[in-house]
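Written below as structure tokens is the structure these notes are about.
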Amino acid sequence: MEGRRKYAIDRQANLIELLQKNGYCSVTELSSKLAVSPMTIRRDLHALAEQQIIQVTHGGARLSYHKQSEPNFHVRSHVHQAEK
């Protein structure tokens, strides 16, 4: 179970990085770039939206600029992993 959680956190960090680069991404685009199903992407987007990190739109998502909240520690620790 812990391995799945780590993978989900890594994937969510990758989602945030893609949204930072592109501003907006569709579920289909995110699904193909991360090689997971659209439903998995939707679950991840929902989790990030609950933390007010992103805004889910019809068919995609963008970073949330209304509230400048910081992602939780687990997500932040995996963002820019290659550079660290």
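The values are calculated or read from the model by the stated rules, or taken from the named source; none is laboratory data. Since the structure is predicted, the reported quantities are computational estimates derived from the model, not experimental observations. Cβ placement follows ideal geometry from the backbone for every residue including glycine, while neighbour counts extend to all protein chains displayed.
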Legend entry - Tally, over the stretch 1-34, of residues that are farther than 19 Å from Leu63 by Cβ and modelled with pLDDT of 95 or more: 1
Inset, instruction - Of the numbered conditions (1) touching a strand residue (DSSP E or B) at 6+ places or on another chain (Cβ under 8 Å); (2) at pLDDT 90 or above, Ser64 fails exactly one; give the number of that condition. - result: (2)
